[in-house]
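Following: one structure in structure tokens, then a few remarks.
The values are calculated or read from the model by the stated rules, or taken from the named source; none is laboratory data. Since the structure is predicted, the reported quantities are computational estimates derived from the model, not experimental observations. Counting neighbours? That spans all protein chains shown, and the Cβs are built from the backbone with ideal geometry, glycine included.
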Amino acid sequence: MTQTGPNYPRNCWYMAGWSNEVGDALLRRRILGEPILLFRTADGAPTALTDRCPHRFAPLSAGAREGDLVRCAYHGLAFDASGQCAHNPFSATLPKGAAVRNWPVHERDGIAWIWMGDADQADPALLPDFNTLFRDGAEPVRGLMPMRAPYEFATDNLMDLSHIEFVHRGSFAGAGVIFAGKHEVRRDGDRLHSNWWMPNVPAPGHTYGIYERSLPTDHWLDMRWDAPASMLLEIGATPVGEPRETGVIIHQAHIITPETADTAHYFWASTRGSGVASEQGDAMLFAMMTQAFEQEDKPIIEAAYANLDGRDFWDAKPAFLGIDAGGTRARRLVEELIGRETRAA
Ligand code: FES
Ligand SMILES: [Fe+2]
């Protein structure tokens, strides 16, 4: 099916940023094609406004904070956190209709989420849970990578971790263990699971320093997907036959937000295999993740998208390998959600 119209549903929570990115400063981030201004009011509430002054359309992010007001850098109109014009330097009268849109924001698990659909459907209960990122009592190591490809191309990459053995030869590759693994994709409502199970393999990299490298382990990679592209990966291993809870487990967030129809923000975070936070260990983990994402995943994902030369993904008739079922089903489910929204409109 050729896709027309936007490639993302609107009635979903999208990650706008890590909580620690949203502060006093005016942060501009394009989300679903809209320029969004993010900041935190004095009472600590994260706020999202359209970053376009209604007068002559200057970005409000180029202006300045005055308490909870944001004053436009061009002719000085000031807006409150609800988006209403609250001060006009040229008159005691506020200009009619001068307001910017305020978008619902909800903060949980160190993530600021934005809702860009029907505001009355913005239910925090729909937020996918990422609290395992904080399970070891420390902030996860985290980052943001810009991608010149539609967000679904990152989903394809993440829902099909078979690419590890090829793309990540320089980092995460596991000496071919994934080839003997069992892969299962399962749908649970609007949620998908794309899970790998690799019994009786040498201890995987994330356990080094805890298990002997020669220790036979059961290893798993469980990816949970929530629409449109919020993914939680559990990387685990135990000595063969031991219960999972006793294993060495890392949780990673891979959350992709469309910047535009063909570019994306790739937010990632990771806990530590040892569970112990240290400045040096965190810096090493950050460097390793950044290198793997920026120098291994990003170039191949961007090159693959560019190589379509503007063709629609399905029109280009992708070959199916089976291992790619996770990405395929995520694409289909997103199309289903967009279809539901279109019919409801
Ligand atoms: S463009 Fe903002 S006050 Fe004129
Ligand atoms: Fe990857």
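The table for this structure:
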read-out: Conditions (1) touching a residue at least 60 places away in the same chain (Cβ under 8 Å); (2) surrounded by 13 or more Cβ atoms within 10 Å (Cβ to Cβ); (3) part of a loop (DSSP other than H, G, I, E, B); (4) not polar (S, T, N, Q); number of the one not met by L308; value: (1)
read-out: Among residues of the stretch 48-60, those that are under 24 Å from Y266 (Cβ atoms) and surrounded by fewer than 22 Cβ atoms within 10 Å (Cβ to Cβ), counted; value: 2
read-out: Qualifying residue in the stretch 96-115 (condition: more than 16 Å from ligand 2 (Cβ to nearest atom), under 24 Å from H265 (Cβ atoms) and among the small types (G, A, S)); value: yes
read-out: Test: residue in the stretch 86-97 that is in contact (Cβ under 8 Å) with a residue 24 or more places away in the chain and buried (at least 18 other Cβ atoms within 10 Å of the Cβ); value: no
read-out: Where R28 falls short, out of the listed (1) more than 28 Å from P128 (Cβ to Cβ); (2) within 16 Å of ligand 1 (Cβ to nearest atom); (3) of a type in the set (D, E, K, R); (4) touching an Asp or Glu at 6+ places or on another chain (Cβ under 8 Å); value: (1)
read-out: Boolean, S82 is more than 28 Å from N11 (Cβ to Cβ) and part of a loop (DSSP other than H, G, I, E, B); value: no
read-out: Restricting the stretch 260-284 to residues that are touching a Gly at 6+ places or on another chain (Cβ under 9 Å) and either closer than 14 Å to Y208 by Cα or assigned by TED's automatic domain parsing to the domain that holds I31 (or both), the residue that is modelled with the highest pLDDT; value: R272
read-out: Subset of the stretch 54-108 that is within 13 Å of ligand 1 (Cβ to nearest atom) and of a type in the set (D, E, K, R) - its residue that is nearest to D123 (Cα to Cα); value: R71
read-out: Cross-chain or 6+ apart pairs with Cβ under 6 Å, the stretch 151-175 first and in contact (Cβ under 8 Å) with a residue 40 or more places away in the chain and over 30 Å from G33 (Cα atoms), then in a helix (DSSP H, G or I) and more than 10 Å from ligand 2 (Cβ to nearest atom); value: S162/I178
